[in-house]
1. Would it be correct to say that M1 is surrounded by 11 or more Cβ atoms within 10 Å (Cβ to Cβ), hydrophobic (A, V, I, L, M, F, W, C) and modelled with pLDDT under 95?
2. Go through the stretch 24-67 and report how many residues are surrounded by 13 or more Cβ atoms within 10 Å (Cβ to Cβ) and of a type outside the set (A, V, I, L, M, F, W, C).
3. Every residue in the stretch 34-55 that is more than 15 Å from the chain's Cα centre (by Cα) and of a type outside the set (A, V, I, L, M, F, W, C), please.
Amino acid sequence: MTKPASRSRRRLLSIQQHLTPIMIFAVVVAAMSWAAAWFFADRPQYSNALIGLGCLPIVIAVCAYLIVLVCNVERR
């Protein structure tokens with residue numbers, strides 16, 4: 001009975017290890033894009049594009065988490 005618990009724990013750690021870089025990337029890109037948008041506040045074309053660019057990786061990260069939540073992902 002300890003085997004299935006061990007297997008599910010390994011699977012959870014594997015999923016967490018795969019999704020952590022996506023979340024870190026999303027936060028870093030969003031912060032850099034929004035800082036650049038603040039820097040270019042006097043140019044609305046650049047500012048708006050950078051705000052949208054900063055939101056894109058967050059949307060992708062949320063979609064990745066939802067896919068893992070809904071789908072049964074078997075790696076091994």
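The values are calculated or read from the model by the stated rules, or taken from the named source; none is laboratory data. Because the structure is a prediction, the values reported are computed rather than measured. Note that each Cβ is placed from the backbone with ideal geometry, even for glycine, and that neighbours are counted across all protein chains shown.
1. In short, no.
2. 6
3. D42, R43, P44, Q45, Y46, S47, N48, G52
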